[in-house]
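To start, the structure under review is shown below, and the notes come after it.
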């Protein structure tokens with residue numbers, strides 16, 4: 001089916017970006033495709049086009065073919081990627097490198113949407129990202145294990161998304177709807193890390209193609225109702241620190257080309273936001289740890305000596321109650337009397353995440369941080385307040401936080417809690 005004039009503009013924009021960046025910044029293009037076998041042959045579940053920065057190692061090509069699925073990765077020049085996208089748009093064929101030929105694909109190119117993203121799950125670099133969907137939507141695929149005697153074992157498509165594409169998302173099935181994702185990184189410069197702490201912001205950035213003197217760093221930080229910083233910095237090295245007189249609840253840093261005035265990358269921090277960029281680091285100071293221990297357990301703070309495998313619901317109860325109330329912090333490595341016991345933090349963040357995914361519906365949004373205090377390790381689990389959904393403990397129901405305890409809400413409290421959520425809720429309040 002011929003593409004529309006609007007879609008032609010989108011295709012032209014993609015091809016211009018590939019041509020402009022390819023010769024300057026791209027070592028090689030990478031196409032990764034997951035196929036499933038249907039009654040009429042192979043169909044695309046998910047394809048990603050991406051590029052490796054010049055001078056960086058090339059990934060290995062892959063060809064895993066299972067009875068009902070296949071995972072393919074091939075390397076292409078930037079001009080070859082452009083040719084594949086042109087054929088996809090004009091001939092409704094997605095080439096995958098399979099000798100049996102391409103797979104049918106009737107594309108719907110995104111029109112009228114922004115393509116440039118400073119932060120996105122597909123890449124650590126600022127990028128133009130285009131998501132091409134099927135004209136006729138495809139339902140969620142089956143999720144049978146991918147098993148073969150001589151190939152890697154994937155228990156589900158969730159593990160394919162994690163291991164092949166490097167993504168972990170509770171809505172992982174949404175990615176396998178026939179999408180073609182085109183990621184066009186801008187490798188000129190990026191903010192590699194933003195550290196937010198009591199008294200300062202630290203910005204680390206990098207570039208193989210520009211000097212620090214070619215860049216301007218714009219910094220903004222605030223507390224509720226009070227600006228802490230609005231500064232323009234001309235760096236002479238790829239790291240800088242901006243001193244503040246308090247910890248910001250919001251901070252944003254922009255990396256700007258001095259010559260063109262173009263924003264090359266932006267990173268922001270928002271306290272209490274459900275998702276934070278993994279390269280935005282929130283540091284808790286020794287002074288703040290001392291204050292936490294002094295205040296003791298409260299409506300927004302709970303101590304746990306350890307995560308007990310035999311009673312994981314104890315952790316989940318508090319996380320659900322915090323999410324349904326004001327949010328809060330669980331400090332692991334401190335007993336109920338406020339004594340610092342310390343804990344083994346290696347892998348503990350993953351354990352906490354798995355407990356919440358198993359015990360809660362939906363799992364609360366959290367941030368974890370390992371801190372050192374009195375030569376002992378603690379894990380801070382910061383639970384984000386949820387304003388758009390009610391979280392429940394499976395086989396139990398919703399909980400709220402009152403003073404320093406978790407409890408079942410009253411009928412009135414439950415009504416107010418449900419008013420946050422637009423959908424219908426079905427849960428059992430009986431433990």
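For the stretch 92-111, check the following and say yes or no: at least one residue is more than 22 Å from residue 262 (Cβ to Cβ) and within 23 Å of the chain's Cα centre (by Cα).
Of the residues in the stretch 92-111, the ones more than 22 Å from residue 262 (Cβ to Cβ) are 92-111.
Right, trim to within 23 Å of the chain's Cα centre (by Cα) and you get 110.
Within the stretch 92-111, one or more residues are more than 22 Å from residue 262 (Cβ to Cβ) and within 23 Å of the chain's Cα centre (by Cα).
Among the candidates 86, 80, single out the residue that is over 29 Å from residue 158 (Cα atoms), touching a residue at least 40 places away in the same chain (Cβ under 8 Å) and out of contact with any strand residue (DSSP E or B) (no Cβ under 8 Å at 6 or more places or on another chain). Step through it out loud before you land on a result.
Working: 80 fails: out of contact with any strand residue (DSSP E or B) (no Cβ under 8 Å at 6 or more places or on another chain).
Testing whether each residue is over 29 Å from residue 158 (Cα atoms), touching a residue at least 40 places away in the same chain (Cβ under 8 Å) and out of contact with any strand residue (DSSP E or B) (no Cβ under 8 Å at 6 or more places or on another chain) leaves just 86.
Scan the stretch 97-109 and tell me whether some residue there is in contact with a helix residue (DSSP H, G or I) (Cβ under 9 Å, 6 or more places away or on another chain) and either closer than 28 Å to residue 267 by Cβ or surrounded by fewer than 16 Cβ atoms within 10 Å (Cβ to Cβ) (or both).
In the first step, residues of the stretch 97-109 are kept if they are in contact with a helix residue (DSSP H, G or I) (Cβ under 9 Å, 6 or more places away or on another chain); the result is 102, 105, 107-109.
The next check asks that each one be either closer than 28 Å to residue 267 by Cβ or surrounded by fewer than 16 Cβ atoms within 10 Å (Cβ to Cβ) (or both); those that pass are none.
Within the stretch 97-109, not a single residue is in contact with a helix residue (DSSP H, G or I) (Cβ under 9 Å, 6 or more places away or on another chain) and either closer than 28 Å to residue 267 by Cβ or surrounded by fewer than 16 Cβ atoms within 10 Å (Cβ to Cβ) (or both).
Please pick out the residue among 117, 125 that is crowded, with 19+ Cβ neighbours inside 10 Å, under 30 Å from residue 254 (Cα atoms) and under 15 Å from the mean Cα position of the chain (by Cα). Give the derivation first.
Numbers: 117 fails: crowded, with 19+ Cβ neighbours inside 10 Å.
Only one candidate passes the filter, namely 125.
Looking at the stretch 142-153, is at least one residue surrounded by 16 or more Cβ atoms within 10 Å (Cβ to Cβ) and either in a helix (DSSP H, G or I) or under 23 Å from the mean Cα position of the chain (by Cα) (or both)?
no
Against the condition in a strand (DSSP E or B), at pLDDT below 90, surrounded by fewer than 21 Cβ atoms within 10 Å (Cβ to Cβ) and assigned by TED's automatic domain parsing to the domain that holds residue 315, how does residue 367 come out, does it pass?
Judged against the criteria, residue 367 is a match.
Go over the candidates 342, 296 one by one and state the one that is in the same structural domain as residue 399 (by TED's automatic domain parsing), touching a residue at least 40 places away in the same chain (Cβ under 8 Å) and more than 27 Å from residue 194 (Cβ to Cβ).
296
For the stretch 155-198, name all the residues that are in a strand (DSSP E or B) and farther than 20 Å from residue 366 by Cα.
To start, the set of residues in the stretch 155-198 that are in a strand (DSSP E or B) comprises 179-185, 190-197.
Matches in the stretch 155-198: 179, 180, 181, 182, 183, 184, 185, 190, 191, 192.
What is the one condition in (1) closer than 24 Å to residue 17 by Cβ; (2) within 21 Å of the chain's Cα centre (by Cα) that residue 196 does not satisfy?
Unmet condition: (1).
Give the residue, chosen from 328, 397, 342, that is at pLDDT 90 or above, surrounded by 12 or more Cβ atoms within 10 Å (Cβ to Cβ) and within 21 Å of residue 309 (Cβ to Cβ). Explain how you work it out, then say what you get.
Details: 328 fails: within 21 Å of residue 309 (Cβ to Cβ); 397 fails: within 21 Å of residue 309 (Cβ to Cβ).
Being at pLDDT 90 or above, surrounded by 12 or more Cβ atoms within 10 Å (Cβ to Cβ) and within 21 Å of residue 309 (Cβ to Cβ) holds for just one of 328, 397, 342, which is 342.
Go through (1) within 19 Å of the chain's Cα centre (by Cα); (2) loosely packed, with under 12 Cβ neighbours inside 10 Å; (3) within 23 Å of residue 115 (Cα to Cα) one by one and return the number of the condition residue 179 breaks.
(2)
Hey, among the residues in the stretch 411-431 that are surrounded by fewer than 11 Cβ atoms within 10 Å (Cβ to Cβ) and part of a loop (DSSP other than H, G, I, E, B), which one's modelled with the highest pLDDT?
419
Let me confirm something: among 170, 185, which residue is farther than 21 Å from residue 229 by Cβ and surrounded by fewer than 18 Cβ atoms within 10 Å (Cβ to Cβ)?
Values: 185 fails: surrounded by fewer than 18 Cβ atoms within 10 Å (Cβ to Cβ).
Result: 170 is the single residue among 170, 185 that is farther than 21 Å from residue 229 by Cβ and surrounded by fewer than 18 Cβ atoms within 10 Å (Cβ to Cβ).
Scan the stretch 16-37 residue by residue and report those that are assigned to a helix (DSSP H, G or I) and either touching a strand residue (DSSP E or B) at 6+ places or on another chain (Cβ under 9 Å) or closer than 13 Å to residue 49 by Cα (or both). Can you show your working first?
Of the stretch 16-37, the ones assigned to a helix (DSSP H, G or I) are 16-25.
Listed by number, the residues that qualify are 17, 18, 21, 22, 25.
Would it be correct to say that residue 67 is over 18 Å from residue 122 (Cβ atoms), assigned by TED's automatic domain parsing to the domain that holds residue 136, within 25 Å of the chain's Cα centre (by Cα) and loosely packed, with under 14 Cβ neighbours inside 10 Å? Step through it out loud before you land on a result.
Numbers: over 18 Å from residue 122 (Cβ atoms): yes; assigned by TED's automatic domain parsing to the domain that holds residue 136: yes; within 25 Å of the chain's Cα centre (by Cα): no; loosely packed, with under 14 Cβ neighbours inside 10 Å: yes.
For residue 67, the condition - over 18 Å from residue 122 (Cβ atoms), assigned by TED's automatic domain parsing to the domain that holds residue 136, within 25 Å of the chain's Cα centre (by Cα) and loosely packed, with under 14 Cβ neighbours inside 10 Å - is not met.
Run residue 174 past the list (1) free of Cβ contacts under 8 Å to residues at least 60 places away in the same chain; (2) in contact with a helix residue (DSSP H, G or I) (Cβ under 8 Å, 6 or more places away or on another chain) and report the number of the one that doesn't hold.
Looking at each condition in turn, residue 174 falls short on (2).
Considering the stretch 38-79 alone, what residues qualify as being on the phi > 0 side of the Ramachandran plot and either in a strand (DSSP E or B) or in contact with a helix residue (DSSP H, G or I) (Cβ under 8 Å, 6 or more places away or on another chain) (or both)?
Within the stretch 38-79, 41 is the sole residue that qualifies.
The values are calculated or read from the model by the stated rules, or taken from the named source; none is laboratory data. Being a predicted model, the structure only gives us computed values, none of them experimental. For neighbour counting, all protein chains shown are included, and Cβ atoms are generated from backbone atoms with ideal geometry for every residue, glycine included.
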